[in-house]
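Report on one structure; see the data block that follows.
Just so you know, all these numbers are worked out from the coordinates, no wet-lab data involved. Since this is a predicted model, take the numbers as computed values, not measurements. Glycine also receives a Cβ, built like all others from the backbone with ideal geometry; neighbour counts cover every protein chain displayed.
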Amino acid sequence: MARLEGKVAIITGGGTGIGKATALRFAKEGAKVIVTDINQESASKTVAEIQGAGGDAWAIAHDVTREEQWEQVVAETVQHYGKVDILFNNAGIYIIKPLAEITLEDWNRLMAINVTGVFLGMKHTMPVMAKQKSGSVINASSIAGLIGAPGHVLYGASKGAVRIMTKDAAIEYASTGVRVNSIHPGYIDTGMVAYASEATKHTKEELAQGVPTGRLGTVEDVSNIVLFLASDESSHVTGAEMVIDGGGTAQ
Amino acid sequence: MRFANKVAIVTGGASGIGETTVRLFAKEGAKVVIADFSERGQELSEQLNGEGYDTLFVKTDVTKEDEVKQMMQATVAKYGKLDILFANAGIAKDAPADKLSLEDWQKTIDINLTGVFLCDKYAIEQMLAQGTGGAIVNCGSIHSHAGKAGVTAYSSAKGGVKLLSQTLGITYAKQGIRVNAVCPGYIDTPLIAGRDEAMNEHLIGLHPMGRLGKPEEVAKAVLFLASEEASFITGTSLLVDGGYTAQ
């Protein structure tokens, strides 16, 4: 049997990178997937791929910083599919800048997407899941939420917040059957690493050399752990942080 | 099947989390070596082989280097290779430090930490010789991450298992050998059998989910870490604890 048979999943930032790979993976495992993205066109492309492979998916243009849009996404999901089993709070942006150069505008914008977006997602789905007595939320943090790095005061603060919000929400909802966990990818070969390479003036190969396994992770590597956390295989896992970094933070 | 043509060793495989993991690996197509000091492993192996699975029992005391070596040799002699080790054998007999004898301390360290080291060492030796990489999952605990009054030797050993897993994960990353720890909370197994109702309530109350974990829930995490799906995951801990350590 498929590992997410009959489940309904919302994935934010599902138009590209890890979000897209996870949407495709979820659909392959039998889930109905609501793919949201601030870029409607990219969300629609992901959905077209899923439907082309015979899966069931639906695209919604979604700014995760807007509470009324979250209300709408959850309401439409429930209306369309009758429930919400899984939320992958994946949408996020990455800014690498020296502390003194971070503008208040940078700070507020990144926090709104990476932290407020995750908060709103949990706020509007978890009570629905609690009523169903089951649900799984996966929040995208990062190794930047675990360790420090130059230029990462802003991004690191946002991912550190996601890490601990996850644990707080997990404890608050533990008795309801709703689980919440965070994932902490290291260098994964996506647009974000291309940006990190540019911003730090290190080639991708140089970045990979800093990883004990000697390679960058793939979006499939990350989608595998999201699938595990989303599925009933992880029924006793909550408030946990899963690191996918080729050994980077074990050092 | 997720483990077709894979060869896995499970230490402490005759009961509890180990037995459940043996069964899941077998169902997913793996050939499984049940390493245990208890003869119950023989019964389990015969039963599984009778159901059409391919398993081998090797009586093993994980604290004895020659027995661990022989167990690895028996594995390779029978199945030709080793892909996966779940170093799970462990005991839980403990006391506050002022009441813990050196003998009891040593026994816990020997089985729960030195036993893991020895099994890892010889598994890595074999995997390096094969040149194929491999996956090792060591059994840590919530007490690899959090202390508890009176849990003296156990947490010392399990804390060691966590850092051992990180160190080995980094050391052999380039050779494709992944090493991770699975860290269960209190799981309903023979390890905590014999508890009275008050103790049961106490243990349940430690887990925000309001229940003890099931062996299957740990076994599924072990299978994930052992599988190709976890190919970028090394040197980490996977907590299966119903929220115990998130508090």
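Things to note:
- Taking 7 Å steps out from each Cα toward its Cβ at B:LYS69 and A:GLU71 produces label points 7.2 nm apart.
- Fluctuation leader among A:THR103, A:THR176, A:THR12 - chain A, Gaussian network, Cα springs under 10 angstrom: A:THR103
- Relative contact order of chain B, defined on C-alpha pairs under 8 angstrom at six or more residues apart (%): 19 percent
- Distance in nm between pseudo-label sites at A:MET111 and B:ALA193 (7 Å out along the Cβ direction from Cα): 5.5 nm
- The fewest-to-most ranking of A:VAL118, A:VAL8 by surrounding Cβ atoms within 10 Å reads A:VAL8, A:VAL118.
- Under 5 Å between amide hydrogens, built in the peptide plane, is the criterion, and for A:ILE60 it picks out A:VAL35, A:THR36, A:ASP37 among residues at least 5 positions away or on other chains.
- Region A:1-40 and region A:119-190: distance between their alpha carbon centers, rounded to Å: 17 Å
- Alpha-carbon centroids, region B:186-216 and region B:1-79: separation in whole Å: 27 Å
- The angle between the Cα long axis of helix B:115-130 and the main principal axis of chain B comes to about 20°, on a 0 to 90 degree scale.
- Among B:ASP36, B:ASP66, B:ASP83: highest mean-square fluctuation, GNM of chain B, C-alpha pairs under 10 Å: B:ASP66
- Sites A:LYS204 and B:ARG2, calculated FRET efficiency, Cβ-Cβ separation with R0 41 Å, nearest 0.05: 0.85
- In a simple Cβ point-charge model (Lys, Arg +1; Asp, Glu -1; nothing else charged), region B:114-247 has a dipole of about 340 debye relative to its Cα centre.
- Unsatisfied cross-links (Cα-Cα over 22 Å) in the set A:LYS131/A:LYS167; B:LYS81/B:LYS174; A:LYS97/A:LYS159; A:LYS97/A:LYS201; A:LYS20/B:LYS174; A:LYS7/A:LYS131: A:LYS20/B:LYS174
- Taking every alpha-carbon pair under 8 Å whose residues sit at least 6 apart, region B:111-208 reaches a relative contact order of 31 percent.
- Comparing A:HIS152, A:HIS124, A:HIS202 in a Gaussian network model of chain A (Cα springs below 10 Å), the most mobile by mean-square fluctuation is A:HIS202.
- Cut-off under 5 Å, modelled amide H: who pairs with A:ARG179 long-range: A:GLY135, A:SER136, A:VAL137
- In a DSSP loop and with at most 12 other Cβ atoms within 10 Å, the GluC sites (Glu not before Pro) in region B:1-85 are B:GLU39, B:GLU51.
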